[in-house]
Amino acid sequence: MSDLAGDPVDWRALWRSGDLGRLCFVSLGILLHSTNETMITTIMPAMVRDLSGVQFVGWSFAIYEIGAIVAGAAAGRMLSYISLRTNMAGAAMIYAIGAMMCALAPTMPFLLAGRLVEGLGGGALVALAYVSVERLFPRAIWPQLFAIMSAIWGIAAFSGPLLGALISAAAGWRYAFGAFSVAGLVMAAISYVVLSGPAARRDASLMPPPFPVVPLSCLALAVLLIAVAGVEIRLLTSSLLLALGIGGLALFFVLDARRPQSRLFPSRPFDWRSPVGLGLTMVGAFSISTVSFAVYAPLLLTSLHGIPVLTTGYIIASESIAWSILSIMVANAKPRHERAIIIVGAFMVAGGIAGFAYAIPLGSIPLILVCALLQGGGFGIAWPFVTRMIVASARPSESTVASSAVPAMQRIGYAVGAAGAGIIANASGFAHGLSGETARGVASWLFLAFLPLSVIGCMAAIALTRTSMTSLARVG
């Protein structure tokens with residue numbers, strides 16, 4: 001396949017060679033993980049109705065992300081000990097077990113345990129999918145394969161909420177998890193058939209870098225402390241747990257910086273004197289401040305206004321569609337326009353957050369849709385250029401770490417944001433149970449409380465563009 005370099009890809013040849021089929025198979029892990037990740041938003045009202053525990057809604061998202069972060073960091077290192085196909089089969093089996101635990105959950109705590117196991121399996125499947133491209137396919141076709149995998153992310157982001165709404169309405173939320181469990185078992189079973197080549201069977205000969213056990217344990221504990229702070233709101237206890245959780249997050253980054261061989265982030269991830277620090281600050285701030293919509297919108301809209309879950313699924317999917325479409329539209333923008341695009345994107349995200357605080361209590365579907373499009377579209381136009389600036393500005397020895405740090409920061413932001421949203425929701429009324437009255441008290445605060453973080457994101461975006469222009473001028 002090396003003769004494909006520099007020439008248009010012959011997709012028929014790829015299919016005949018088996019490469020395209022193998023890519024579709026390994027990419028199934030991305031589809032399972034990301035569809036399940038977004039499906040939870042539209043089945044949440046039914047889950048809460050059956051299991052109670054509305055105060056744990058934020059946990060269902062946060063704990064899944066914790067599992068995905070840990071497994072994603074571990075998967076690449078495990079290839080030095082266990083073959084790719086065995087890793088893939090094992091990750092799919094773990095995912096299937098977690099999904100079945102959720103399907104059979106008698107209580108909300110049991111479901112949360114299943115979500116953690118699911119996150120471990122799903123995070124490993126995603127990491128292994130990207131490793132598989134390097135292991136199994138010719139370098140000449142990597143760009144095309146990564147483009148296909150990006151499209152799969154978009155499909156999953158769109159289909160997850162809709163799939164959850166459809167299955168939940170037709171058969172019940174447990175069947176949604178059951179379907180994913182069966183899919184995981186099938187993927188585990190056929191891994192040994194599809195991944196039969198020498199590259200998939202052999203173990204790597206090089207020893208991996210040490211696994212960051214202590215930093216990741218610190219991160220997981222910090223997110224859990226923040227989540228626990230919101231379960232039962234008591235001023236002293238909750239404040240102490242929240243402070244310990246925030247301190248644990250700071251300690252995670254300190255510990256990570258001290259371990260060059262297993263580092264997950266650049267050495268100074270929040271230094272506002274560099275584009276790297278400004279870009280990661282922007283990504284983290286907006287990831288934390290935007291997660292309330294995905295986690296709580298279906299619950300609020302159903303409780304307050306009786307809006308069907310399928311409708312909320314379409315609205316949430318529209319955010320992902322806006323992200324994908326606008327990202328493609330600005331992909332070929334000229335360098336001189338990047339500064340304006342990043343700033344506009346940041347203010348679109350902040351505008352969407354502020355708009356939700358008014359639109360969701362009001363129940364206006366058109367206005368909620370506009371806010372969703374603003375939030376998703378703002379991310380979509382800013383994300384490619386922010387990522388490029390972060391990677392381009394990193395030290396040469398940290399460029400690889402910087403590229404993987406962007407999605408890692410996003411996932412950490414989602415986990416922390418979901419845990420923080422749980423505190424706000426329970427303090428605003430959900431601690432007393434789900435009702436129209438408690439939902440009314442929660443609806444605005446879930447978005448207003450995150451506005452200061454969105455302002456920090458906008459400030460970081462403005463500073464990032466100025467810093468980047470100064471750096472380019474010095475280089476010139």
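List of remarks:
- Subset of segment 407-466 that is aromatic (Phe, Trp, Tyr) and either modelled with pLDDT under 85 or assigned to a helix (DSSP H, G or I) (or both) - its residue that is nearest to LEU216 (Cα to Cα): TYR414
- Residue in segment 263-281 that is nearest to VAL406 (Cα to Cα), counting only those that are of a type in the set (Lys, Arg) and in contact (Cβ under 8 Å) with a residue 40 or more places away in the chain: ARG263
- Residue list for segment 52-73, filter: surrounded by fewer than 23 Cβ atoms within 10 Å (Cβ to Cβ) and closer than 16 Å to HIS33 by Cα: VAL70, ALA73
- Here GLY284 fits the description: within 21 Å of the chain's Cα centre (by Cα), over 21 Å from LEU373 (Cβ atoms) and touching a residue at least 24 places away in the same chain (Cβ under 8 Å).
- Any hit, segment 356-364, residues being assigned by TED's automatic domain parsing to the domain that holds THR311, buried (at least 21 other Cβ atoms within 10 Å of the Cβ) and either farther than 16 Å from VAL455 by Cβ or touching a strand residue (DSSP E or B) at 6+ places or on another chain (Cβ under 7 Å) (or both): yes
- Of all the numbered requirements in (1) more than 22 Å from ALA443 (Cβ to Cβ); (2) surrounded by 18 or more Cβ atoms within 10 Å (Cβ to Cβ); (3) not small (Gly, Ala, Ser), GLU319 misses one, and that requirement is (1).
- Filter result for the condition that a residue is more than 26 Å from MET409 (Cα to Cα) and in contact with a helix residue (DSSP H, G or I) (Cβ under 8 Å, 6 or more places away or on another chain), over ILE66, ILE82: ILE82
- Screening segment 323-355 for residues that are among the β-branched types (Val, Ile, Thr) and within 23 Å of LEU446 (Cβ to Cβ) and picking the one that is surrounded by the most Cβ atoms within 10 Å (Cβ to Cβ) gives VAL349.
- Each residue in segment 206-253 was checked for being assigned to a helix (DSSP H, G or I) and of a type in the set (Asp, Glu), and 0 pass.
- No other residue among LEU219, LEU264, LEU251 is modelled with pLDDT of 90 or more, under 27 Å from SER399 (Cα atoms) and within 24 Å of the chain's Cα centre (by Cα) apart from LEU251.
- Criterion violated by ILE360 - all others in (1) closer than 30 Å to ALA169 by Cβ; (2) under 18 Å from the mean Cα position of the chain (by Cα); (3) of a type in the set (Val, Ile, Thr) satisfied: (2)
- Hits in segment 168-181 (condition: surrounded by 22 or more Cβ atoms within 10 Å (Cβ to Cβ) and either more than 23 Å from ALA113 (Cα to Cα) or aliphatic (A, V, I, L, M) (or both)): ALA176
- Any hit, segment 104-123, residues being surrounded by 20 or more Cβ atoms within 10 Å (Cβ to Cβ), over 23 Å from VAL186 (Cβ atoms), under 19 Å from the mean Cα position of the chain (by Cα) and not charged (D, E, K, R): yes
- Comparison of GLY172, GLY245, GLY184, GLY178 shows that the only residue that is at pLDDT 85 or above and on the phi > 0 side of the Ramachandran plot is GLY172.
The values are calculated or read from the model by the stated rules, or taken from the named source; none is laboratory data. Bear in mind that the values here come from a model prediction, so they are computed numbers and not experimental data. When we count neighbours, we look across all protein chains shown, and the Cβ atoms used for this are built from the backbone with ideal geometry, even at glycine.
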